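The structure appears right after this line, and notes come after that.
The values are calculated or read from the model by the stated rules, or taken from the named source; none is laboratory data. Predicted, not measured: the structure shown is a model, and the values here were computed from it. Note that each Cβ is placed from the backbone with ideal geometry, even for glycine, and that neighbours are counted across all protein chains shown.
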Amino acid sequence: MDNLTRRRFLSLVGAAGGSSAVYKASMAMGLLADTGPMARLDIKSAGRGGKEVVILGAGLAGLTIAYELQRVGYNCTILEASHRVGGRSLTLRHGDVVDEMGYTQVCNFDDDPELFFNAGPARIPGHHRRVLHYCRELQVPLQVKANINRSAYVHESDHFGGKPVRLAEYVTDARGFLSELLYKAVDRNAFEQPLSEEDRVRLKELTQAFGDLDQDGLYKGSSRSGYKSGGFLGHGELKEPMEFGALLDSSFWRRGMAQSENFDWAEPLMEAVGGMDNIVKAFARQLKKPVVLKAQVQAVQLREDGVDVIYQHKGQRRKLAADYCFNSIPVHFMEGIPNNFSQDYRDALNAFERGNFFKIGLQMRERFWEREGIYGGITNTDQRINQIWYPSHGIHGSKGVVLGAYAFWNQSHFFERMTPEERIRYAADCGERIHPGYSDYIEAGVSVPWGRMNHMMGCGSRMTPENEERYFDRVRQPEGRHWMVGDQISYHSSWQEGALASAEYALNDFDQRARAAAAISSKG
Amino acid sequence: MKYPLASCLFGVLLAVFMGPSAGAAEESPVSPDDLVYCTVCHGMQLRGNRNIEAPRLSEMDAWYIEQQLVAFKNGWRGTHPQDLIGMEMRPMAAALNDTQIKAAAKFAQASRAPVPAATVDGDADAGRTHYSTCAACHGVDASGNEALGAPPLAGLNDWYLVRQLENFRDGVRGSHPDDLYGAQMRASAALLPDDQAIRDVVAYITSLQTN
Ligand SMILES: Cc1cc2nc3c(=O)[nH]c(=O)nc-3n(C[C@H](O)[C@H](O)[C@H](O)COP(=O)(O)OP(=O)(O)OC[C@H]3O[C@@H](n4cnc5c(N)ncnc54)[C@H](O)[C@@H]3O)c2cc1C
């Protein structure tokens, strides 16, 4: 946009919406930075003799740091409390253990590589350039994953007769109604500042295009919803628009209609072929020294020239003396792990609040949704399960694993307080209202409450905006030779890209300090 | 460079860390394999972690730990609809058999960790007056009385004590018909007239443990 047209755009927005809309639009126009591929990290070599680096936690952040530092000659040891590598990057397959505290489950899906469930990360958007950089470098095959599917459903228990409505119909009608109102407002010149005749004509055309209005600016249904009948061998007959009042009364426009417009959820998204944990597995394969599993870190002691880590492994307490430490342990645990951090650093770490997510995966004996014209994507419901996800892979295969519930933040507690069997039954009942016969298709199921997972107890730690202001910079600065890392130390917690952004930041910070120290010692 | 400054700072901190209370870790038993998960919430050596709302259990009398694990297991604690925090603990106890309950209690009693810092803002002097009724069961020095089932209160996190007194007062704890010990304590908590009294008595108990 050149300057002139840009100003005209803003004044148009101003005429319609007042100054706050102008402000937001300008912000959006200025925020086009931070794109393009990630540059390969350039870290100074460790030099002869190597140096010991200890990394706490074998999630994506820890693995990345080990991968980058071993490349330039550091001797990296990863201590991981869990029985497995990957942290929250968890894909469940036949026989896998779900290490929920109080209820250990074993995944009872069929022994078939196509039948897996991404219990943690599941989606990668094209602008998560760090994730994509490593997937390219480590050759992790990716495929497109349907996220928003206009053929999937919107379901509201108390609206539209409790029957699922196709997303296409809901969105098309909502846009049609709004466009018609706006068209009329332009016609009446109902704005704070008068519009030029030319702008009025264009705006009316825009509303017509946006909402599929007829030539008089009226919304009378649209083929964007699909046809009621015909379309191939006969004329396509339009569906009647829903009642505007019913649509207004419903709640999906509030909860989820803009999902696909969320930058991180915008189509097309990607996933790792065969399961998202193929990303962490690819990192783990590169390590010179395998991750030490079942090694719970129990104390972190900073020294003048390094960090001592006490951990328990095979029934014994051990000590590892390292030159540097990168720590991805969930921050809320650090208060329970003795350390000699300064008070301000501890205050900053304690300023985080635990986040939470909950997912259910259900193995279905038939891919019944495909018979309803749904291939991948998400159905949204106002029931507590929130969503049903249909797999994008294995189309027309015999079985499939469906996401049967996805609760966000505090909604997760409702499911946490149930036994695993109760959760599956609950999800089955909810699914039944959307797909009659749903329960009968369920052959196996697992539930993963992140707030109850061993060594995790949450996902998506965050601070209040005031605390962010106060502490964020402190938590990403090192304490002695100890860096706190992970998606938690980013403005994108609960995204892998956040974990990698934090790892990149810590590595660059580490490198700058190492270079500065080398420069000083070579002078002295 | 930041290091020179940082290093002299850490010299000081290190001395503090190595002081008497911090030696605790080495004196503590290694966590039994099947009880490692207790430390995930309650912290290493069961030192307590406010971020999880899980209290310090280190050095507590084994008989009382057993009593509470049984209370959770029986559903006397952690089942009231308002006891959301107790519900975090309950499945842990429900999964333990009698032998494991004994082992867990032993582990807690043998664990060593620093006495927690005071966090509750209360008037210990005013609390002393309220405490006189408590002393009958919990002892003048709050060291507990096994015969009465009344636990030592010294060494527990003050924020946890406040929550329990509120729970007893509000019937969130101690209202199950089979929970006889809980019922006794519930009656006693009712003697504390308001939130301020709760904070004061807790401040007094905390002052006992630091002396
Ligand atoms: C339900 C859900 C959905 C998600 N969806 C997406 C998505 O679609 N796309 C996306 O990009 N991201 C998604 N994420 C986020 C993604 O999973 C995380 O951002 C990423 O995996 C975090 O990696 P990390 O290394 O920062 O932390 P973690 O993976 O949490 O690693 C921390 C590690 O520390 C270990 N640890 C804990 N205590 C100790 C101890 N005392 N000693 C030693 N080790 C210890 C833990 O076991 C763990 O392995 C999702 C997450 C969840 C839970």
Out of A:Met418, A:Met484, A:Met457, which single residue is within 14 Å of chain B (Cβ to nearest Cβ), of a type in the set (A, V, I, L, M, F, W, C) and in contact (Cβ under 8 Å) with a residue 40 or more places away in the chain? A:Met457
What strands (runs of 3 or more DSSP E) completely inside region A:276-383 contain at least 3 residues that are more than 13 Å from the ligand (Cβ to nearest atom)? A:295-303, A:306-313, A:316-322, A:357-364, A:377-381
Identify all residues within region A:312-354 that are in contact with a Lys or Arg (Cβ under 6 Å, 6 or more places away or on another chain), more than 10 Å from chain B (Cβ to nearest Cβ) and over 16 Å from A:Arg476 (Cβ atoms); write none if there are none. A:Asp323
Can you tell me which residue is surrounded by the fewest Cβ atoms within 10 Å (Cβ to Cβ) among those in region A:497-524 that are touching a Gly at 6+ places or on another chain (Cβ under 9 Å) and at pLDDT 95 or above? A:Gly498
Say whether the condition of being farther than 23 Å from A:Arg130 by Cβ and either of a type outside the set (Asp, Glu) or within 14 Å of another protein chain (Cβ to nearest Cβ) (or both) is met by at least one residue in region A:275-284. no
Let me confirm something: among A:Ser447, A:Ser439, which residue is hydroxyl-bearing (Ser, Thr, Tyr), surrounded by 14 or more Cβ atoms within 10 Å (Cβ to Cβ) and either within 16 Å of the ligand (Cβ to nearest atom) or touching a residue at least 60 places away in the same chain (Cβ under 8 Å) (or both)? A:Ser447
When you scan region A:134-149, do you find a residue that is without any contact (Cβ under 8 Å) to a residue 40 or more places away in the chain, closer than 30 Å to A:Asp277 by Cβ and within 16 Å of the ligand (Cβ to nearest atom), even just one? yes
Could you say whether any residue in region A:157-166 is assigned to a strand (DSSP E or B), more than 11 Å from the ligand (Cβ to nearest atom) and either at pLDDT 95 or above or not assigned by TED's automatic domain parsing to the domain that holds A:Gly59 (or both)? yes
Wholly within region B:73-162, which helices (runs of 4 or more DSSP H) include no fewer than the required count, namely at least 1 residues that are away from chain A (no Cβ under 14 Å) and buried (at least 19 other Cβ atoms within 10 Å of the Cβ)? B:98-110, B:124-138
Looking at A:Gly126, A:Gly176, A:Gly162, which one is touching a residue at least 12 places away in the same chain (Cβ under 8 Å), surrounded by fewer than 19 Cβ atoms within 10 Å (Cβ to Cβ) and over 19 Å from the mean Cα position of the chain (by Cα)? A:Gly162
Residue list for region A:59-104, filter: more than 16 Å from the ligand (Cβ to nearest atom) and touching a Pro at 6+ places or on another chain (Cβ under 8 Å): A:Arg93, A:Gly102, A:Tyr103
